[in-house]
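**Student:** Below: one structure in structure tokens.
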Amino acid sequence: MVIEKLIFEFQLEKFVKSEPLPGYFRRLSPDYVRARILSCLTEVLQRARRYDESIELIQYLLNRAIYNRHRRGKLWNRLALIQENYIKINGHQQCLNTIYEALQDPYVKLGDRLALCERARKLYSRPKSKGILQAEWITNEEEQLIWTVPMPKEVEVTGCLLANDARMGKVTYTIQDPIDGSIQFCTVEQLAINHYRTKEDYTYGIHSEGAVIRTLIGLLFLDLIYTLPTPDLLIDIFQTEPLDFQTDAFYKSRQNQIDERISRLNFEENIQEIAEKNWDLYNLTMSSVVNWELFPTKSTLLSALKCLTPEQIQSISIYTFVHNRAVWKGFPDLFVWNPTLKKCKVVEVKSHNDRLSYHQIVWLNKLVEFKIDCEVCKVSAIGSKKSLQRTPSTIELD
């Protein structure tokens, strides 16, 4: 009972006093930290099998939408999971009712929304659920609450497995160097990059999980990002981004300038000119928007930009600025490109038994929508049986 008393002694009712403040200022308040702690505590209570208390705390946080709005999707998903799996009396119906309410929450977006839709669809379609659960909205196309996303294209790649330490989450493969023929050790992502360089004529490849696209798009807007509509967005010399950068207020306060810049990105010459100018002005400045270490030279970065059409760059720019913080979850692992052929590909690397997260499915679907070549690379090990027998993680001690 001590934890319960501490929770409600945080006096979250005081949140309403902070409501007039912009969201980027609320993040600096003590109440924001308290709400963040309570949000983490919901998982602690769930793992401790104190499901009723976890549900009560989640509902308490969901009823107060001032703080942690970007975490509401995660809270709704946790609540639905607990109700479906751990509430014995009428738990499934409670779960569907929760999902129905969550799908009408404007802060539930992208992967979190898709996860709720899939949970509702699977639960409602079970043979035992027919005639028992009330959730006609799932099959009602007029309500348009259920979101369906097609699965992405997959390719199979094999590699020689050297070691597999499951306890450390490390997998080591071997590849043959295309220049001198020597055998080299590599990760599963490096194995995939080697496949695309040797088999599909891609000359460059980076394992970055979104940092490449974020850097390319960020560089094109870097001067606008640090143009401040109000002077209180940079309050410390160590800030690497404006206070409102990862909030919904960022795009709203700069919409005219951003939309005008996007309209200018309609020709490759304009794109190259803006990128080159911003590189020369801001290279190596401390910024969370652009990772200067990804590309060794300006020409390498410009070569990657050439592989994206103006329409693709415009589409990604609009999408990332509108959704902002929520959008970068689940971006695929690899970006490979060939500037001579002006082609690029975005790749999510998975082992044979791994599954895509809902955030990854959403991103891959969006990339297809933007007409950017993308796929899932499933890596399988060959000749690994003897290697597995020799690895420390598989040795049985007496």
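**Student:** Can you find a residue in segment 121-129 that is under 27 Å from residue 34 (Cβ atoms) and surrounded by fewer than 19 Cβ atoms within 10 Å (Cβ to Cβ)?
**Tutor:** No, segment 121-129 contains no residue that is under 27 Å from residue 34 (Cβ atoms) and surrounded by fewer than 19 Cβ atoms within 10 Å (Cβ to Cβ).
**Student:** Now, a different point. Is it true that residue 26 is outside the structural domain of residue 229 (by TED's automatic domain parsing), within 20 Å of residue 98 (Cα to Cα), modelled with pLDDT under 90 and touching an Asp or Glu at 6+ places or on another chain (Cβ under 9 Å)?
**Tutor:** no
**Student:** Further question: Evaluate the following for residue 338: is it assigned by TED's automatic domain parsing to the domain that holds residue 266, over 11 Å from the mean Cα position of the chain (by Cα) and without any contact (Cβ under 8 Å) to a residue 40 or more places away in the chain?
**Tutor:** Considered against the rule, which asks whether it is assigned by TED's automatic domain parsing to the domain that holds residue 266, over 11 Å from the mean Cα position of the chain (by Cα) and without any contact (Cβ under 8 Å) to a residue 40 or more places away in the chain, residue 338 comes out as no.
**Student:** For segment 33-77, which residues satisfy the criterion of being farther than 20 Å from residue 94 by Cβ, assigned to a loop (DSSP other than H, G, I, E, B) and charged (D, E, K, R)?
**Tutor:** The answer is 64, and nothing else.
**Student:** Taking the condition surrounded by 15 or more Cβ atoms within 10 Å (Cβ to Cβ), modelled with pLDDT of 95 or more and either among the basic types (Lys, Arg) or not assigned by TED's automatic domain parsing to the domain that holds residue 174 (or both), does residue 345 pass?
**Tutor:** yes
**Student:** Tell me which residues, restricted to segment 248-269, are touching a residue at least 24 places away in the same chain (Cβ under 8 Å) and over 22 Å from residue 327 (Cβ atoms).
**Tutor:** 266, 267, 268
**Student:** Moving on. Residue pairs, Cβ under 7 Å, 6 or more apart or interchain, first in segment 366-383 and in contact (Cβ under 8 Å) with a residue 40 or more places away in the chain and polar (S, T, N, Q), second surrounded by fewer than 20 Cβ atoms within 10 Å (Cβ to Cβ) and assigned to a strand (DSSP E or B). List them.
**Tutor:** Final answer for the pair search is 380/156; 380/158.
**Student:** Restricting the search to segment 242-266, which residues are among the hydroxyl-bearing types (Ser, Thr, Tyr), more than 22 Å from residue 307 (Cα to Cα) and assigned to a helix (DSSP H, G or I)?
**Tutor:** Scanning segment 242-266 gives 251, 253.
**Student:** Consider segment 343-383. How many of its residues are more than 15 Å from residue 329 (Cα to Cα), of a type outside the set (Val, Ile, Thr) and in a strand (DSSP E or B)?
**Tutor:** 11
**Student:** Residue 113 versus (1) in contact (Cβ under 8 Å) with a residue 40 or more places away in the chain; (2) within 16 Å of residue 38 (Cβ to Cβ): which is the lone unmet condition?
**Tutor:** (2)
**Student:** Considering segment 176-197 alone, what residues qualify as being more than 14 Å from residue 380 (Cα to Cα) and modelled with pLDDT under 90?
**Tutor:** Answer for segment 176-197, where residues must be more than 14 Å from residue 380 (Cα to Cα) and modelled with pLDDT under 90: 176, 177, 178, 179, 180, 181, 182, 183, 184, 185, 186.
**Student:** For segment 288-310, how many residues meet the condition of being touching an Asp or Glu at 6+ places or on another chain (Cβ under 7 Å), not aliphatic (A, V, I, L, M) and not in a helix (DSSP H, G or I)?
**Tutor:** Residues in segment 288-310 being touching an Asp or Glu at 6+ places or on another chain (Cβ under 7 Å), not aliphatic (A, V, I, L, M) and not in a helix (DSSP H, G or I): 1 in total.
**Student:** Looking only at segment 188-209, filter to residues that are touching an Asp or Glu at 6+ places or on another chain (Cβ under 9 Å) and part of a loop (DSSP other than H, G, I, E, B); which one of those is nearest to residue 298 (Cα to Cα)?
**Tutor:** 208
**Student:** I would also like to ask the following. Go through the residues of segment 96-114 one by one and say whether even a single one is of a type in the set (S, T, N, Q), buried (at least 20 other Cβ atoms within 10 Å of the Cβ) and farther than 30 Å from residue 249 by Cα.
**Tutor:** Scanning segment 96-114 turns up no residue that is of a type in the set (S, T, N, Q), buried (at least 20 other Cβ atoms within 10 Å of the Cβ) and farther than 30 Å from residue 249 by Cα.
**Student:** Just to be sure I understand the filter: pairs with C-beta atoms under 9 Å, separated by 6 or more residues or on different chains, first member in segment 22-51 and farther than 15 Å from residue 70 by Cα, second member of a type in the set (Phe, Trp, Tyr) and modelled with pLDDT of 90 or more. Which pairs pass?
**Tutor:** 45/51; 46/86; 49/86; 51/86
**Student:** Here's another thing I want to ask about it. Which numbered condition trips up residue 240, out of (1) surrounded by 17 or more Cβ atoms within 10 Å (Cβ to Cβ); (2) within 15 Å of residue 226 (Cβ to Cβ); (3) modelled with pLDDT under 90?
**Tutor:** (1)
**Student:** Could you say whether any residue in segment 228-241 is in contact (Cβ under 8 Å) with a residue 60 or more places away in the chain, part of a helix (DSSP H, G or I) and within 23 Å of the chain's Cα centre (by Cα)?
**Tutor:** Within segment 228-241 (the criterion being in contact (Cβ under 8 Å) with a residue 60 or more places away in the chain, part of a helix (DSSP H, G or I) and within 23 Å of the chain's Cα centre (by Cα)), the answer is no, since none of the residues qualifies.
**Student:** Quick check: anything in segment 267-285 crowded, with 18+ Cβ neighbours inside 10 Å and assigned to a loop (DSSP other than H, G, I, E, B)?
**Tutor:** So far as segment 267-285 goes, no, none of its residues is crowded, with 18+ Cβ neighbours inside 10 Å and assigned to a loop (DSSP other than H, G, I, E, B).
The values are calculated or read from the model by the stated rules, or taken from the named source; none is laboratory data. None of the values given here were measured: they were computed from a predicted structure. Don't worry about glycine lacking a Cβ; one is built from the backbone with ideal geometry, like all the others, and counts go over all protein chains shown.
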